[in-house]
Every structure is written in C-alpha cells, then in structure tokens.
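Undergrad: Just passing along the structure, written as structure tokens.
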C-alpha cells in the first residue's frame, strides 16, 4: 500500500500568503485559488480591486491543473493546435493558462489557480505560491 501526501490547511494558508505577497509587490489585483488533488476548493483569496469574474476563473484553473495533472496551459495549447472539440469536455472552463499543479514526490497533491492579470503573470503568481512550500 502507498501513502499519499496532501495539502494541509497550513499549506493552503502559506500558498495564499506567498502568492498574495507576490501579486501585491507587482501591484496586481487577482484572485488566488488552491484546490486539492481532486480539484476541490481548499482556499480562495480575492484581492481588493480584483474583478468579480476572477473569483470564478481562479478555482476553475486550479481544478483543471489538479485533475489534469499538469499546468492548465497544456489544455489551452491542445485546443489552440486544432483540437477544438477538447473545449467541450466537462469542466472545461479552466482550460486556459493560470493553473499550476503542486507536485510532491512525483504526485500531484493539489493546484493553484490565479486570475486577474495577463495569463503568464497569473502563472508567475501561482508559482510563487507553490514555491513557498519549498518542495
């Protein structure tokens, strides 16, 4: 039998705090979401001035990265390369850049999704959150 790592509430708080600090440093107003390995929301932080729309997109990006076991941009790339039918799969609303998986010993234990600035900036913030775990 294998043992499985998981994100604790302390991990979630650390991710949100680090991602928010990075966004504040850049003066970006975003929403940050953390999901478990099944894409279920563990934490959400909508910063001041972040669009209400971002509170829907950030969890969707986190869910996609967690369940897809890869950055959400990978799915966006698949669709942009001509496999447009892929965009009709269930829960496809987060198949755009901005979701980053949290990987422990080769296994996805969760993901961070960010929405509110340019997509590559969303990823920068998400990676700052993951980096705070020191994995």
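Undergrad: Has the range 46-54 got any residue that is modelled with pLDDT of 95 or more and part of a helix (DSSP H, G or I)?
TA: Yes, the range 46-54 contains a residue that is modelled with pLDDT of 95 or more and part of a helix (DSSP H, G or I).
Undergrad: To continue, here is another question. Could you please give the count of residues in the range 111-122 that are at negative phi, in contact (Cβ under 8 Å) with a residue 60 or more places away in the chain and not in a strand (DSSP E or B)?
TA: Looking only at that region, the number is 3.
Undergrad: To continue, here is another question. Starting from residues that are surrounded by fewer than 15 Cβ atoms within 10 Å (Cβ to Cβ) and closer than 18 Å to residue 102 by Cα, keep the ones in the range 15-40 and report whichever is farthest from the chain's Cα centre (by Cα).
TA: Per the stated criteria, the residue is 17.
Undergrad: Is there a residue in the range 1-14 that is at pLDDT 95 or above, crowded, with 20+ Cβ neighbours inside 10 Å, under 14 Å from the mean Cα position of the chain (by Cα) and within 14 Å of residue 99 (Cα to Cα)?
TA: No, there is no match, as no residue in the range 1-14 is at pLDDT 95 or above, crowded, with 20+ Cβ neighbours inside 10 Å, under 14 Å from the mean Cα position of the chain (by Cα) and within 14 Å of residue 99 (Cα to Cα).
Undergrad: Which residue, of 65, 85, is on the phi < 0 side of the Ramachandran plot and in contact with a strand residue (DSSP E or B) (Cβ under 6 Å, 6 or more places away or on another chain)?
TA: Exactly one of 65, 85 is on the phi < 0 side of the Ramachandran plot and in contact with a strand residue (DSSP E or B) (Cβ under 6 Å, 6 or more places away or on another chain), namely 65.
Undergrad: Given the condition buried (at least 20 other Cβ atoms within 10 Å of the Cβ), at pLDDT 95 or above, in a strand (DSSP E or B) and within 17 Å of the chain's Cα centre (by Cα), answer yes or no: does some residue in the range 86-99 qualify?
TA: Within the range 86-99, one or more residues are buried (at least 20 other Cβ atoms within 10 Å of the Cβ), at pLDDT 95 or above, in a strand (DSSP E or B) and within 17 Å of the chain's Cα centre (by Cα).
Undergrad: Looking for something assigned to a helix (DSSP H, G or I), touching a helix residue (DSSP H, G or I) at 6+ places or on another chain (Cβ under 7 Å) and closer than 13 Å to residue 34 by Cα - is there at least one such residue anywhere in the range 62-73?
TA: Within the range 62-73, one or more residues are assigned to a helix (DSSP H, G or I), touching a helix residue (DSSP H, G or I) at 6+ places or on another chain (Cβ under 7 Å) and closer than 13 Å to residue 34 by Cα.
Undergrad: Let me ask something else about it. Look through 108, 130, 102 and report the one residue that is in contact with a strand residue (DSSP E or B) (Cβ under 9 Å, 6 or more places away or on another chain), over 17 Å from residue 30 (Cα atoms), surrounded by fewer than 24 Cβ atoms within 10 Å (Cβ to Cβ) and in contact (Cβ under 8 Å) with a residue 40 or more places away in the chain.
TA: When all the criteria are applied, what remains is 108.
Undergrad: Could you tell me which of the residues 32, 125 is touching a strand residue (DSSP E or B) at 6+ places or on another chain (Cβ under 6 Å), assigned to a helix (DSSP H, G or I) and under 23 Å from residue 17 (Cα atoms)?
TA: None of the others qualify; the one that does is 125.
The values are calculated or read from the model by the stated rules, or taken from the named source; none is laboratory data. Values in this document were obtained by computation on a predicted structure and should not be read as measured data. Neighbour counts are summed over all protein chains in view; Cβ atoms, including those assigned to glycine, are modelled from backbone coordinates with ideal geometry.
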